[in-house]
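Report on the structure given below.
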Amino acid sequence: MQVFNSLGRESQTFTPRQEGKVAMYVCGPTVQAAPHIGHGRSAVAFDVIRRYLEWRGFDVTYVVNITDVEDKIIAAAAERGVSADVVATETAEQFRTAYRLLNVRPPDIEPKATDHIPEMITFIEELIASKHAYPAPNGDVYFAVRSYEPYGQLSGRKIDDLISGSRIEPGEDKRDPLDFALWKAAKPGEPHWDSPWGSGRPGWHIECSAMARKYLGHGFDFHGGGTDLAFPHHENEVAQAEAAYGAPFARYWLHNGMVNLSGEKMAKSTGLMVDLLESLVQYPPLAMRLFYLRTHYRRPVDFTVEAVEDAVKALERLWAFRRRFPGGPKQEALPDAMNRFQAFMDDDFDTAGALSVLFDLVREGNGRLDAGEPVGGWVAAYDEFIEVLGLSEPPVEVDDLSPALDKLAERFKIEPAGDPVATVERLVEVRTRARADKDFALSDAVRDELAVLGILVEDAAGGTRWHRQ
RNA sequence: GGUGCCGUGGCCGAGUGGCGAGGCGCAGGACUGCAAAUCCUGUCACACCGGUUCGAUUCCGGUCGGCACCUCCA
């Protein structure tokens, strides 16, 4: 399995730290504002990587943190007149909702920064003891960047190139403009915790280092996040961890590309944002997921209405195939398809290429079904791939249509079944009988009325099927 | 200014030193009571200019164009 490691900027063969196991840490959101479509892309990208590693037989420990103490959360809380904790909790819930809709599996561990203050304090103490950090007179603690010689290895920057861009903000007490805060002295009205350096709160970078270390130890396998985090956040994480222990922190760094809007960067600072939850209302959530997966995770992706609508149709094509073959597969997945799928995914998780295997399978499978040939191997392979990609069609859900279905049953003079799904099936039977009797007025009426409810009825060689739009 | 990425057919988007990924769209055809779904056929490209090579979209150099990071950000 080859992965593109940002650390070194090259494709490398993946070797796990411990045979059969993968320890993976992904930078989760700072819960300061509602999720946007960029968050969705990152979450989906790493969710698929996790699923694929499991599919390959690894026992994966998947950690995604929540940064719930930070300047912008504090600012948002002050603006609303509530505590930072309220903002963080509410926003975290929005993220969870969006991710659930996108079929992103919850992480094994989801640590919150505020639950790990003691670990961070310990970490900082160790850095001070090893002379890589120093407490400043103003109560802040800073990491001494120049004390860690390889600084810049991850982002490919040289310390001297960074100097021009660095500066000391008012109120900071750094010895060197490059240094960054590990601990920030408390300001009035802000959340704060006691520490050996007085009351304060942790800096952003130390949070991830401390939590990753706690749950995954040193030299864990994958560290993921958006490419925008590579510098300075990830660079600083590496510096802290490796300065403190002299041992590698994460072995493979994976960075997902950004989501652009019609070619422009999407960012709060530009005001160009697409709200994730809103777009998940506007489009089928799994179509959004497919939209993300059609581009390699490392490349930037351009969000356009056309591209998402394209994905809506492509997804329908996949699902339509699977509906032709109700029930579970009874056969082995096609070895050739399995090999091709794995070859793409083994090549730095090339979901776009892997999707082409899935679509090939669908075309061939449809052709075989049309010809009356067996397709068990095709369906079995489909099920494997669709699950790794997280694109399975959810079970039909018609409970909300129950009253409307009962009315239809009355209109077409049948007994409503207690279960709405069964009622639909009785209505479909009515239509089937009408067709057999060449009473097309009646059969079309049933189909049209069901269509009004969003239930589409299709006649196929093997019988009549229905699904909800 | 520094660092890095990219430029593929009507659109989106993989990939490869020589056998036209895939999806969407469009045009025909098959199937079908109609519809839907499906299948078949066609449309079939690699920004530009040089170089290496028997052969380059794929490697090298240059030109033009787009983007990202260098500051909080998935």
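The values are calculated or read from the model by the stated rules, or taken from the named source; none is laboratory data. All values reported here derive from a predicted model rather than from experimental measurement. Every residue, glycine as well, gets a Cβ built from its backbone with ideal geometry; the counts of neighbours run over all protein chains shown. To get the accessible areas, we keep the full protein, side chains included, count just its heavy atoms, and leave off ligands, DNA and RNA. Shrake-Rupley method; radii C 1.70, N 1.55, O 1.52, S 1.80 Å.
Structural remarks
- Which listed residue is in a loop (DSSP other than H, G, I, E, B), in contact (Cβ under 8 Å) with a residue 24 or more places away in the chain and touching a Ser or Thr at 6+ places or on another chain (Cβ under 6 Å), from A:Leu178, A:Leu154: A:Leu178
- Test: residue in the stretch A:129-145 that is within 35 Å of the chain's Cα centre (by Cα) and in a helix (DSSP H, G or I): yes
- Residues in the stretch A:307-325 that are within 12 Å of A:Tyr283 (Cα to Cα) and touching a residue at least 40 places away in the same chain (Cβ under 8 Å): A:Leu315 only.
- Any pair with Cβ under 8 angstrom, 6 or more apart, that starts in the stretch A:227-243 at a residue that is more than 24 Å from A:Met258 (Cβ to Cβ) and ends at one that is near RNA strand B (Cβ under 9 Å from one of its atoms) and assigned to a helix (DSSP H, G or I): A:Gln240/A:His205
- Residue pairs meeting the criteria (Cβ under 6 Å; at least 6 apart or on separate chains; first assigned by TED's automatic domain parsing to the domain that holds A:Thr30, in the stretch A:106-122; second charged (D, E, K, R) and surrounded by 20 or more Cβ atoms within 10 Å (Cβ to Cβ)): A:Lys112/A:Asp68; A:Ala113/A:Asp68; A:Ala113/A:Glu207; A:Thr114/A:Asp68
Yes or no, residue by residue, for (1) surrounded by 20 or more Cβ atoms within 10 Å (Cβ to Cβ); (2) of a type outside the set (S, T, N, Q); (3) more than 18 Å from A:Arg317 (Cα to Cα); (4) over 22 Å from the mean Cα position of the chain (by Cα):
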{"position": "A:Phe359", "(1), (2), (3), (4)": "no, yes, no, yes"}
{"position": "A:Asp383", "(1), (2), (3), (4)": "no, yes, no, no"}
{"position": "A:Gly390", "(1), (2), (3), (4)": "no, yes, no, no"}
{"position": "A:Glu397", "(1), (2), (3), (4)": "no, yes, yes, yes"}
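- Among residues of the stretch A:81-93 that are crowded, with 18+ Cβ neighbours inside 10 Å, those with a beta-carbon under 7 Å from a residue that is among the small types (Gly, Ala, Ser) at least six positions away or on a different chain give the pairs A:Ala84/A:Ala77; A:Val87/A:Ala76; A:Val87/A:Ala77; A:Thr91/A:Ala33; A:Thr91/A:Ala34.
- Check on A:Gly38, surrounded by 23 or more Cβ atoms within 10 Å (Cβ to Cβ) and either more than 21 Å from A:Leu276 (Cα to Cα) or within 12 Å of RNA strand B (Cβ to nearest atom) (or both): yes
- Any hit, the stretch A:157-164, residues being in a helix (DSSP H, G or I), open to solvent by less than 20 Å² (accessible area, probe 1.4 Å) and within 20 Å of A:His233 (Cβ to Cβ): no
- Only one of the listed residues (A:Leu456, A:Leu450) is within 9 Å of RNA strand B (Cβ to nearest atom) and either among the aliphatic types (A, V, I, L, M) or in contact (Cβ under 8 Å) with a residue 60 or more places away in the chain (or both). That residue is A:Leu456.
- Residue check for A:Gly28: within 15 Å of RNA strand B (Cβ to nearest atom) and surrounded by 15 or more Cβ atoms within 10 Å (Cβ to Cβ): yes
- Flag for A:Trp197 being modelled with pLDDT of 95 or more and in contact with a Lys or Arg (Cβ under 9 Å, 6 or more places away or on another chain): no
- Selected residue [closer than 20 Å to A:Val104 by Cβ, near RNA strand B (Cβ under 10 Å from one of its atoms) and either at pLDDT below 95 or outside any loop (DSSP other than H, G, I, E, B) (or both)] from A:Val388, A:Val357, A:Val312, A:Val362: A:Val312
- In the stretch A:165-211, residue least open to solvent (accessible area, probe 1.4 Å) [restricted to those that are more than 34 Å from the chain's Cα centre (by Cα) and basic (Lys, Arg)]: A:Lys174
- Looking only at residues in the stretch A:365-376 that are within 9 Å of RNA strand B (Cβ to nearest atom) and touching a residue at least 12 places away in the same chain (Cβ under 8 Å), the one that is least open to solvent (accessible area, probe 1.4 Å) is A:Gly365.
- Filter result for A:Ala333 (part of a loop (DSSP other than H, G, I, E, B) and either touching a helix residue (DSSP H, G or I) at 6+ places or on another chain (Cβ under 8 Å) or open to solvent by less than 40 Å² (accessible area, probe 1.4 Å) (or both)): yes
- Among (1) open to solvent by 20 Å² or more (accessible area, probe 1.4 Å); (2) over 23 Å from A:Glu316 (Cβ atoms); (3) in contact with a helix residue (DSSP H, G or I) (Cβ under 7 Å, 6 or more places away or on another chain); (4) assigned to a helix (DSSP H, G or I), the one test that A:Glu449 misses: (2)
- Subset of the stretch A:144-156 that is out of contact with any helix residue (DSSP H, G or I) (no Cβ under 8 Å at 6 or more places or on another chain) and of a type outside the set (A, V, I, L, M, F, W, C) - its residue that is most open to solvent (accessible area, probe 1.4 Å): A:Glu149
- Only a single item in (1) free of Cβ contacts under 8 Å to residues at least 60 places away in the same chain; (2) within 15 Å of RNA strand B (Cβ to nearest atom); (3) surrounded by 15 or more Cβ atoms within 10 Å (Cβ to Cβ) is not met by A:Leu53, and it is number (2).
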